[in-house]
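The values are calculated or read from the model by the stated rules, or taken from the named source; none is laboratory data. Keep in mind that this is a model prediction, so the values were computed, not measured. Backbone-built Cβ (ideal geometry, glycine too); neighbour counts: all protein chains shown.
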Amino acid sequence: MRDESRLFVMPRGGRSPNKHGHFRELAAHLPERSLLVLNDTRVLAARLQARKPTGGAVELLLTRAISAAPASGRPREAPGVGPGEGFSETWEALGRGLGNASLGLRLEIAGAAAAAPVVATLVERGEEGRFVVRLEGRGAPSLAAVLDSLAVQPPTPSTQSLVFVVWDNPPIVIGAGSYLDRLAALAGARNVFHDVGSPSAQVSIETIAARDPDFVALLSDSAVPPRYATRPEWRVVRAVRNARFLFLPGQLFGRPGPRAAEAIRELRRRLEAAP
């Protein structure tokens, strides 16, 4: 996914115009004997979906790490967390859906079945929805490792199909060469143009209709159907005719990055919630 990241090239001294490229082209822009410094600072996909013991939904946005320790140093085991390698981390977080929840409340962090289980405990309440939470888990050395596992696990069996339409006239769709194709597979959906090896390709509306996707996925920050949805030529596509659109916010889905695990979970949630 990192290879598809955008790269802005600004030559020193203004000797040539600035231009846009991709991260995979970085080596071509470096002069001989260049020193390349690697920044391996971790950024977490820090928006976590959780459940109360009653089943109520909670969202935690982690804002700052306070402390971290191996699970072996904990005085007790967290319920639902098994034996083996583990972690205990304390974070500041913004909480949504917690209301007047009491300190000590334990939340189950939602994730794929293959991911290590994580339990969050409210240990301190601040102002304006702020909390201090303790995150504990087994089967992984850190919370970051658990989140990473969501992005590298085998794809969920495909039960629904979709097409990513990035332009309508002429129709341009996403193929297997794009990271969006991989996100769809990990979320349990099948890109009907997975057989196209390039990141994108121009196709006909008739071809889209023939492949009959269950959904049309759009990178859009609003839930307003695209203008072409009312055009007669596009009504031959069943998903367009039935208004089965998936609106994917550009901030989360627009480019590869450290929030990939969050994007997978969000796409899976939207697929499951769709009628």
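Annotations
Here is a yes/no grid of residues against (1) at pLDDT 50 or above; (2) assigned by TED's automatic domain parsing to the domain that holds residue 263; (3) in a loop (DSSP other than H, G, I, E, B):
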{"position": "87", "(1), (2), (3)": "yes, no, no"}
{"position": "108", "(1), (2), (3)": "yes, no, no"}
{"position": "112", "(1), (2), (3)": "no, no, yes"}
{"position": "115", "(1), (2), (3)": "yes, no, yes"}
{"position": "119", "(1), (2), (3)": "yes, no, no"}
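- Residue list for segment 241-254, filter: touching a residue at least 12 places away in the same chain (Cβ under 8 Å) and over 14 Å from residue 221 (Cα atoms): 243, 244
- A single member of 176, 184, 201 is part of a helix (DSSP H, G or I) and either under 30 Å from residue 48 (Cα atoms) or of a type in the set (A, V, I, L, M) (or both), and it is 184.
- For residue 225, the requirement of being surrounded by 15 or more Cβ atoms within 10 Å (Cβ to Cβ) and part of a loop (DSSP other than H, G, I, E, B) is met.
- Output for segment 230-269, where each listed residue is of a type in the set (A, V, I, L, M) and buried (at least 18 other Cβ atoms within 10 Å of the Cβ): 237, 239, 240, 246, 248, 252, 260, 261, 263, 264, 267
- Selection count, segment 242-274, where residues are of a type in the set (S, T, N, Q) and within 18 Å of residue 48 (Cα to Cα): 1
- Filter result for residue 182 (of a type in the set (Lys, Arg), within 22 Å of the chain's Cα centre (by Cα), assigned by TED's automatic domain parsing to the domain that holds residue 244 and at pLDDT 80 or above): yes
- Given (1) within 14 Å of residue 162 (Cβ to Cβ); (2) surrounded by 16 or more Cβ atoms within 10 Å (Cβ to Cβ); (3) without any contact (Cβ under 8 Å) to a residue 60 or more places away in the chain, index of the condition residue 200 fails: (1)
- Restricted to segment 1-72, the set of strands (runs of 3 or more DSSP E) holding at least 2 residues that are modelled with pLDDT of 80 or more, among the small types (Gly, Ala, Ser) and over 25 Å from residue 183 (Cα atoms) comprises 57-70.
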